[in-house]
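All of the numbers you see were taken from the coordinates with simple rules; none came from a lab. Since this is a predicted model, take the numbers as computed values, not measurements. Ideal geometry is used to build each Cβ from the backbone, glycine not excepted, and the neighbour counts take in all protein chains shown.
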Amino acid sequence: MSSGDFSRRTLLRAGGVAAGVVSGMLPGVAFAGQPGGAGSRTRTVTGILKPDVPDWYYLPVDVPRGVRQIDVVYSYDKPPVPAGTRGNACDIGMFGPEGHELGNARGFRGWSGGFRDRFSISASEATPGYLAGPIEPGRWHVILGPYTVAPQGLGYRVDITLTFGPDGPPFEPNPAPESAPARDRGRAWYRGDSHLHTVHSDGRRTPEQLVADARAAGLDFIVSTDHNTSSSQLQWGDHATDDLLILNGEEVTTRSGHWPAIGLPAGTWVDWRYRAADPRDFRRFTDQVHRAGGLVTAAHPFANCFGCTYEFAYEIADLVEVWNGPWTQDDEASVIHWDGLLRGGRFIPAIGDSDAHNPDQRVALPHTVVLADRLRRRELLAGLKAGHSWLAESAAVRLDFTVSGGGATAGIGERLPAGTGTPVTVRAVVGGVPGTTVTFLDQLGPEHTETIGDAGAATVTWTTYPRYSRWVRAEVRRPSGGPNTTAPNAMVAMTNPIFLGAG
């Protein structure tokens, strides 16, 4: 069975899809019931998508009663293209008979992007990235996402196999515990990496491996943020320990940038099928995250991969990921932009994450150190949202940053309500940072810099006044780049600001 060639003239708008994001509907396939209730049947769909295709295509699959498993295998051609021209890349996922309308969490059954060429779903189990559960009769939809399309078009093939028979035992969700008592120190600074991937999306670490690497890196908590799926959220309890808090999240991966939703209740799925062209949909799903008690992160704002650069409104985000993985010029651009927002009066707390996908990518390079009343989801998110946090390249880095004046002291993310003529002492105590410089910055830029010797520890002070500095923050950099990056003047640690004067 062939779907033939499709262009914009044959497209059908899917209900609820944002303006400027059109979805196509492919001719469907239907399966008859299986006499005797056993065995399997396969249908094949082929076709070509032209370069002007929309973001999403839906392939209807009519599933009869008595099916215990769905298997899907897909492939597409990758013809050579001239230098500077994007070749073919196509994502895949699945929606059940409950529907595939924008935001329909009941219908969502999984997503693997372009990481896998096949998946299976049954009542008992599913391929990572997909949700196990009964195969209800009705119209299912395979979703194809032509990420980039070569000038020659994208020729694809989808094989759908239904296996008949009784369901196996139902899948039993096992979310992560809500505490990690061995690491809970009450009100304290906690280290966490809030942007991480596993085999449930395009990572190559299993959940068990990620937990082991996070513990080895000295973290107190992690946030699992697999792309566009909630499948891992239902299984973290199988891998949890009492010395690492595991929070749920999802990296919402749109065509207009990525925004990790962090601190979600287990089983929460956030839709990604929209662009920045219509901000109403972005607002709809960020509101969903906030109602669930989570936070919205503007991820790697200046990443140079297609669809990765953050194009949505910053004022809706709770956090800006200014440092993503080993320090690069993309991160430098992010810090400069974030600093510009701060100078303009818009404070969105900075966060740093490893975005580690594979075993050769270091978990906790970098991570965020947050002041929280307890090692619990609500308290950690409150500390992050308030900006009571600083960023570090590893757990070996230590930093204490305060300001004092007029008989009062304030820490990171706080305000020192001193008069305009009150002298304010800015103080940073650092450790584990040999061969670096410590710089204090305010809205005018760098104000004071000192070099840290081979011992890697020092106390650095500087005096300013609220009439001159509206806020101050600290950066620790390694001029040579160092072992974690070849980029010069690499960040080793940085703080969110402390505000000076009346609010």
At the level of C-alpha centres, the distance separating region 88-106 and region 424-503, in angstrom, is 47 Å
FRET efficiency, 1/(1 + (r/R0)^6) with R0 22 Å, evaluated for SER404 and ALA502 via beta carbons: 0.85
Round to the nearest 10 and give me the degree value, 0 to 90, for the angle of helix 279-291's Cα axis relative to the longest principal axis of the chain. 70 degrees
Grab the DSSP H runs of the chain that are 4 residues or longer, score each as -39,500 (n - 2.57), total them, divide by all residues and round the 222 nm result to the nearest 500 deg cm²/dmol. -3000 deg cm²/dmol
One finds, for ARG378 and ARG470 with R0 = 30 angstrom and r their Cβ-Cβ distance, a FRET efficiency to the nearest 0.05 of 0.50
With +1 on each Lys and Arg Cβ and -1 on each Asp and Glu Cβ, and nothing else charged, work out how big the dipole of the chain is about its Cα centre, in Debye to the nearest 20. 800 debye
May I ask for the angle, rounded to the nearest 10°, between helix 207-216 and the longest principal axis of the chain, with both axes built from Cα atoms and the value confined to 0 to 90°? 10 degrees
Can you list which of the trypsin sites (Lys or Arg not before Pro) found in region 356-420 are DSSP loop residues with at most 13 other C-beta atoms within 10 Å? none
Within a Cβ distance under 11 Å of ASP238, other residues only, what is the Lys/Arg minus Asp/Glu net charge? -2
Here the net charge surrounding GLY501, from other residues whose Cβ is less than 13 Å away from its Cβ (Lys, Arg +1; Asp, Glu -1), is +1
Inter-label distance for HIS290 and ARG157, nm, one decimal - labels placed 7 Å from Cα along Cα-to-Cβ: 4.9 nm
Dipole magnitude of region 396-503, debye to nearest 20 (Cβ charges: Lys/Arg +1, Asp/Glu -1, about Cα centre): 160 debye
Work out the length of the dipole vector of region 173-395 about its Cα centre, built from +1 on the beta-carbon of each Lys and Arg and -1 on the beta-carbon of each Asp and Glu, and round it to the nearest 20 debye. 560 debye
Each label sits 7 Å from Cα toward the beta-carbon; between THR486 and THR463 the label points are separated, in nm, by 4.6 nm
What FRET efficiency do you get for ARG343 and ALA32 if R0 is 56 Å and r is their Cβ-Cβ distance, rounded to the nearest 0.05? 0.25
Please list, in order, the residues from region 158-176 whose amide nitrogen is less than 14 Å from a point placed 7 Å along the Cα→Cβ vector of SER124. 164-172
Just to be sure I understand, if you calculate Rg/Rh (Cα atoms, Kirkwood Rh) for this structure, which of [x] 1.07; [y] 0.99; [z] 1.03 do you get? [z]
Length added when fully stretched, THR451-ASN358, from 0.36 nm per residue minus Cα-Cα: 30.0 nm
With the Cα gyration tensor of region 322-411 in hand, convert its eigenvalues to equivalent ellipsoid semi-axes via √(5λ) and list them largest first in whole Å. 24, 18, 13
Each label sits 7 Å from Cα toward the beta-carbon; between THR85 and ASP278 the label points are separated, in nm, by 3.2 nm
What is region 396-503's relative contact order, in percent, from Cα pairs under 8 angstrom and six or more apart in sequence? 31 percent
Under a no-solvent Debye model with one identical scatterer per Cα of region 232-320, what's log10 I(q)/I(0) at q = 0.17 Å⁻¹? -0.70
